[in-house]
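A short worksheet on the structure shown next.
Just so it is clear, none of the values below were taken in a lab; they were calculated from the coordinates. Predicted model only: the values in this text are computed from it and were never measured. Cβ atoms come from the backbone with ideal geometry, glycine included; neighbour counts cover every protein chain shown.
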Amino acid sequence: MRSVQVAAALVLVACCSGCVTTGTPVGGEKGQAGKAGSESGGIYGGFASIGHSIGKALGGVFDEVERQFLGSAKQRAANAKTNERITWSARSSKTGKTTKGYVVPGEIYTKADGRQCRQLRQVTQKDGKTYEENSLVCKSGQGWEEATL
């Protein structure tokens, strides 16, 4: 099972391009997560549609397995009912500790350019800290894709 997760994460990394969301740990200051993410430039990108983009505040915090599980939750949330909580958890390949969180999709609305969009609110608990991040997804011909907030 673990080898399948690692292989899937490696495939995702190879296929990804740069998308960025915004985020900070709950409480306001970016702290180490923000510094790590700023230095890495928000290292995880969009995958044809959405689901594998991690913002600057979290880019340096999560390992590949955690990013894979969060990305999957974001993809499910984009297609879920408004305010439906999509939960996830993953064991860190670095520490062996469990990281957990949820993603909540907002209302679908139509932007001035005609695209249907919605915000995704991500809340994650890792190593005793809680992180919140918001991202925007919009429908395209290929499904939901990350967009700029």
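Quick notes on this structure:
- With the simple model of a label 7 Å out from the Cα in the direction of the Cβ, Glu84 to Val104 spans 1.6 nm.
- Rounded to whole numbers, the Karplus 3J(HN,Hα) couplings from phi for the range 141-147 are x, 9, x, 7, 10, 4, 9 Hz, using 6.51 cos²θ - 1.76 cosθ + 1.60 with θ = phi - 60°, and x at Gly and Pro.
- Model label zone, Thr95; criterion: amide N under 20 Å from point 7 Å along Cα-to-beta-carbon; scope the range 61-76: 61-71
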